[in-house]
1. Describe numerically, in nm with one decimal, the distance between label points set 7 Å from Cα along Cα→Cβ at residue 902 and at residue 470.
2. Where does each of 305, 102, 924 land when they are ranked from fewest to most other beta-carbon atoms within 10 angstrom?
3. If the chain between residue 2 and residue 628 were fully stretched, how many nm would it gain, using 0.36 nm times the residue separation less the Cα-Cα distance?
4. Quick check on region 57-110: take the gyration tensor over C-alpha atoms, sort the square-rooted eigenvalues as a ≥ b ≥ c, and tell me if it's rounded (a/c under 1.5), prolate or oblate.
5. With the crude spin-label approximation of a point 7 Å out along Cα→Cβ, what separation in nm comes out for residue 42 versus residue 56?
6. Over the Cα atoms of region 316-396, each weighted equally, I'd like the Debye log10 I(q)/I(0) at q = 0.12, 0.18 Å⁻¹, rounded to two decimals.
7. Say R0 is 22 Å: what FRET efficiency, to the nearest 0.05, do residue 176 and residue 774 get from their beta-carbon distance?
8. Give me Rg over Rh for region 1-135, both radii from the alpha carbons and Rh done the Kirkwood way, two decimal places.
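Any read-out appearing in this document is the output of simple, stated calculations on the displayed coordinates, not a laboratory observation. Keep in mind that this is a model prediction, so the values were computed, not measured. Cβ sites come from the backbone with ideal geometry, for glycine too, and all protein chains shown count toward neighbours.
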């Protein structure tokens, strides 16, 4: 139980830290750094506690029930592979936090940076410890979103915005493909639990959908790990601050894809299709990245393409899939994270202290920055694979695997040659990084005078370089046990222990390493000048860029194609849009339900009640009248529309649905009032919009009438069939039987909403909050036309006087309705679990009380006396509803599980109490907030419309006065005197 709680705390800690950092003031740089560092250190302490059971070959698991009936649970697990990766992420994350404290400027919003960084760390930890494949995909997409925020941190720069957008589009699209693959795998395996999926390799590989699964899975992994042809987003992400690059592109973001390849190699690997796709793409990426890196002039650009190349190396090893290859892949994941993080930080120091990253301007920095230069040289040597450094060991293991692997294919036979060829370029670009930046003549045109950075800015680099040396000299004592532990958790407990040593004798891998070192040095020294002065790409290839293909596709599919579709089908007219929507919905319903509707014969013979028929006749007349009056008189149409709504309300009451009747009545009221507010500033209908150029007015109205009748008759038929089905056991009967015993309430409708189907309700109120915020945001930027625009001046005056007379009478009633409506709102809320009512109805009632105040008073008068913060109401509503669901976890129950019992109160006696009431309180608060927020937006538009009319009138009066003054003859010169003050000033 303790271990389970520790895993949950491990995943939650970064998100808690992100919230804390986000609430800090902008200048609280030290506090944000301390919070981030301490929380990540706490995560390392948790991993230290979990090491003992993991080292023994066990798997530590945690399970939080979510929707058990759908096999959707928050399942977490930590094995050897996940443990090593989590420690790597947390350790480098702490170093990045320290480094960023001294890298970022005092003018930067540093707390926001740490908030994004911690949120991304939490998402990455979720990917690593997810025990359910769907949970893994959720965290996977969350890494795409949070990395978007990190890459675009300096959003004032165009490059940052473009890089962030590109990374999000590519990786999130790959995540959608991964989701589909995981859904299919879960169906084949019979479970979405990762343990079951990992044990279902034979079943998945033998399935006919295996090629499709593999393609979708690899798109997800390749996009995240920047494999060809999806590699182009990673160089664009270099516009992020260097601490972000050091973290995302060494141990986290780009490593998620190769983590997934290694983790799922027992499930999807072992086939020729896997070998060709994974190893082939990996080798192509390895060579392409190494070649392009040699020709990049930007320090971070060189490191970005070298990262792409090394990710290709790890991908190729995952494609080979032998025990030694998986061990080598895990080894190089750790080694690459260490030396690449140190190199990114060194590049950031150079940029920070010299003002540039352009290697064509950098030279001779070793004189001014000897310590930084030494650290960068050692890290570059590790990247090149120089002996006695960690990069040499994992690269030699890579050479050993490509030499030993034999399946008789052309790709297998060419692997040693391709690996050596790529390593030659790896040595060359590493050598260029060292020689160009730190040696040669001293640069004299740098923006800043170079010098060593603050010692604490350099400490993270020193620690990482020390790890490179220790692992390179003592691999068996430092990293050997952890590597075997990680590989065994992937491949199984029967995997033998691999001894990692520096010397294995004179063999083919050693010869390949020596040949790559010598050939790489010769290549760079021979063409150094050509590379420095040439384009940023290999000859004949620098013009071919995948980014250009991406930009062309984005231009076509997000701009030109939508414009063509809009040009063919789009219009600013509301009626054609609604017509198209209704036709599509009617067609989809007809295709789906054709032949499936069966009327109950015994109900068809039931005589129709005359009162009910009369009521519906009135409703039909109101509906037709509303449609007819919409063209001539909007207010009359609104009144008739309200009449149709009231008939619907009476229909619900007739069929014994009091909850629906109450809700319909309240929603009809609030909708009518909101529309009344909107009608005050709607412009007059334009004739060119009202008239259809293709059809005469009568034909157009007949067409719309036919569409309305067909759609309405279809909905009526569906409703009639559902309500007249024979009485057989169904889900409704189950709710009727269990509402009181399971949910503690006799109002079955409300029990369903806040207990049985509370998860659906939680999603619905979330959507309502989004809608409220969207309406408010749109109306804030909208400039309405003047009220009664287009009417003659006399009619405008008459309309204004009529409105004033109406308000004088109605405002008194509206003001006195405030207190009774508040009492009614409380009454509906408190009785909702047992009698018609509930949080939604009560919330709408309270919103109506505020609406009436806005109608009966001036907007400013109301807001000066009633302090309502609707966004806070919405936020607290969501928070209360969410915490109610989370509270069930504390007792080991699924999310939003409700509990009901009777509480014995002295004097009063036993009172029913249910936790669903707290959830209903969240619904109540959110409904009030969302409705009032939309009200405030519309009411202020009405106020703005009136003020706009005043300003236009003042401007017109001033213009008329200027015209009269210009037309009048010039007056005779008068004696000089002081000008008289102008009363009132100017508007």
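1. The modelled label-to-label distance comes out at 6.6 nm.
2. By the 10 Å Cβ count, ascending: 102, 305, 924.
3. 218.4 nm
4. In terms of gyration-tensor shape, oblate.
5. Using points 7 Å along Cα→Cβ, the separation is 2.7 nm.
6. With one equal scatterer per Cα and no solvent, log10 I(q)/I(0) is -0.44, -0.77.
7. The formula returns an efficiency of 0.40 here.
8. With Rh from the inverse mean 1/r over Cα pairs, Rg/Rh is 1.03.
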